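Below is one structure, written out as structure tokens; the observations come after it.
The values are calculated or read from the model by the stated rules, or taken from the named source; none is laboratory data. Since the structure is predicted, the reported quantities are computational estimates derived from the model, not experimental observations. Positions of Cβ are generated from backbone atoms using ideal geometry, with glycine treated the same way; all protein chains shown enter the neighbour counts. In case anyone asks, the SASA skips ligands and DNA or RNA and just uses the protein heavy atoms, side chains included. Shrake-Rupley method; radii C 1.70, N 1.55, O 1.52, S 1.80 Å.
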Amino acid sequence: MLMDLCELSPSYVRSIAPYQPGKPISELARELGLKEEGIVKLASNENPRGIGPRTRAAIEASIAEVARYPDGNGFELKQALARRYGVDMGAIVLGNGSNDVLELVALAFLGPGRAGVYSQHAFAVYPLATQARGARAIVVPARQYAHDLDAMAKAIDDETYVCWVANPNNPTGTFARGEEIEAFLRRVPERVIVVLDEAYNEYLAPNLRADSIKWLKRHPNLVITRTFSKAYGLAGLRVGYALAHPAVADVMNRVRQPFNVNSMALAAAAAALDDMEFVARSYADNLQGMKQLEEGARKLKLEFIPSHGNFITMRVGKAAEVYKRLLRRSVIVRPIAGYGLPEHLRVTVGTEAENDKFLAALAASLKE
């Protein structure tokens, strides 16, 4: 008999359930024979505005250099981030999206005999990154779909080396105020790396935006991760970053792949960072779109989780079936049974027209 080569892999790797991304428009068009231009994708929390003119110009200018390797240190983007946040360039780690940065934390600080703590319903990359390193997962039950920070602090044991906190959380959109996060940080032992994932930070209401960067000086075990994939509209270029104590950033950079952020992404991110007018418009559009989806959910008498991101999670009952019915109506959303929410669908806030199409398709799908 031929050897099963899969058996050569460690058991903790073989048991990983691969991450399931949102279905692409082109794939749905092929599967159901639909026209791509008629499909609305509200599955991956992308920015429906696209990108700003400054960013587009930077991308076009970068094309001339694509035959050369990118700057492996990302100097210009790091310099721009250092200026924006008042940190040393040695405190910055760049990644191929913030997912890559999260993986770098796990690669640097987790392994067999160690443990990672995260909440029920938290972002799927945390369990994947933890399991892929052979570390033990400590999953803390959520409280009203949100992180129970008190319970998470109590769950930390002698083998815990990383604690993951998404704020706001994907896919629930729940949020912990700054004073709650600070209180949590004071309770966590200094030997435990706390990852504060702020991928949706730009969608927070101004009065809710805590200055988390200043916490880095008081808590050297804190790692803040952010991304250009959401409000900045660069999901297709994949660029994210971490801000951390220089010693922590140094270890993460040791396990980082050379040239992990491409040259076009570096140029686009540096330009996008300065286009705060675009980000402000994206925030305002999202606010209106969220109200539109919330109103629609209420008219359909559907429960939803109040969200602080650019998405909303609705309870629709037989979510897997409703999801399929929506696909047949040219609307892609995200079923989240894998997050322990089998009756819910996560819906990205789209344009007014996209939201209208989704709500009409949802109404029809619920009656089917």
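Quick notes on this one:
- Verdict on Asn73 being part of a loop (DSSP other than H, G, I, E, B), open to solvent by less than 30 Å² (accessible area, probe 1.4 Å) and closer than 25 Å to Arg226 by Cα: no
- The range 116-130, residues that are among the hydroxyl-bearing types (Ser, Thr, Tyr) and part of a helix (DSSP H, G or I): Tyr126, Thr130
- Every residue from the range 112-150 that is over 15 Å from Val162 (Cα atoms) and of a type in the set (Gly, Ala, Ser): Ala124, Ala142, Ala146
- Criterion (among the aliphatic types (A, V, I, L, M), in contact with a strand residue (DSSP E or B) (Cβ under 8 Å, 6 or more places away or on another chain) and closer than 28 Å to Val188 by Cβ) met by exactly one of Ala244, Ala210: Ala244
- The set of residues in the range 157-183 that are within 20 Å of Leu216 (Cβ to Cβ), out of contact with any His (no Cβ under 7 Å at 6 or more places or on another chain) and not in a strand (DSSP E or B) comprises Asn167, Arg177, Gly178, Glu179, Glu180, Ile181, Glu182, Ala183.
- Residue match in the range 115-127 (condition: of a type outside the set (Gly, Ala, Ser), open to solvent by 30 Å² or more (accessible area, probe 1.4 Å) and free of Cβ contacts under 8 Å to residues at least 60 places away in the same chain): yes
- Of the helices (runs of 4 or more DSSP H) lying entirely inside the range 208-312, those containing at least 2 residues that are touching a Pro at 6+ places or on another chain (Cβ under 9 Å) are 246-255, 263-274, 276-299.
- Qualifying residue in the range 131-154 (condition: among the polar types (S, T, N, Q), free of Cβ contacts under 8 Å to residues at least 60 places away in the same chain, under 28 Å from Phe259 (Cα atoms) and in a helix (DSSP H, G or I)): no
- The lone exception for Lys230 - which of (1) farther than 17 Å from Asp197 by Cβ; (2) charged (D, E, K, R); (3) surrounded by 17 or more Cβ atoms within 10 Å (Cβ to Cβ) it fails: (1)
- Residue check: Pro342 meets all listed conditions (1) closer than 24 Å to Gln120 by Cα; (2) open to solvent by 60 Å² or more (accessible area, probe 1.4 Å); (3) at pLDDT 95 or above; (4) not in a loop (DSSP other than H, G, I, E, B) but one, namely (4).
- Filter result (at pLDDT 95 or above and outside any loop (DSSP other than H, G, I, E, B)) within the range 46-60: Thr55, Arg56, Ala57, Ala58, Ile59, Glu60
- Annotation: of all residues in the range 254-265 being within 18 Å of Ala91 (Cβ to Cβ) and not β-branched (Val, Ile, Thr), the one that is surrounded by the fewest Cβ atoms within 10 Å (Cβ to Cβ) is Arg254.
- Looking only at residues of the range 267-299 that are hydrophobic (A, V, I, L, M, F, W, C), open to solvent by 40 Å² or more (accessible area, probe 1.4 Å) and at pLDDT 95 or above, we find that the one that is nearest to Thr55 (Cα to Cα) is Ala280.
- Options Arg238, Arg254, Arg226; residue that is within 16 Å of Leu107 (Cα to Cα) and among the charged types (D, E, K, R): Arg254
Yes/no matrix, rows are residues, columns are (1) without any contact (Cβ under 8 Å) to a residue 12 or more places away in the chain; (2) within 16 Å of Lys41 (Cβ to Cβ):
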position: Asn260; (1), (2): no, no
position: Ala270; (1), (2): no, no
position: Leu273; (1), (2): no, no
position: Phe278; (1), (2): no, no
position: Tyr283; (1), (2): no, no
position: Gln292; (1), (2): no, no
position: Arg298; (1), (2): yes, no
position: Lys324; (1), (2): yes, yes
position: Ser330; (1), (2): no, yes
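- Count of the range 1-45 residues which are open to solvent by 50 Å² or more (accessible area, probe 1.4 Å) and in a helix (DSSP H, G or I): 15
- Looking at Gln144, Gln79, just one residue is open to solvent by 30 Å² or more (accessible area, probe 1.4 Å), farther than 24 Å from Ile213 by Cβ and either among the polar types (S, T, N, Q) or in contact with a strand residue (DSSP E or B) (Cβ under 9 Å, 6 or more places away or on another chain) (or both), and that residue is Gln144.
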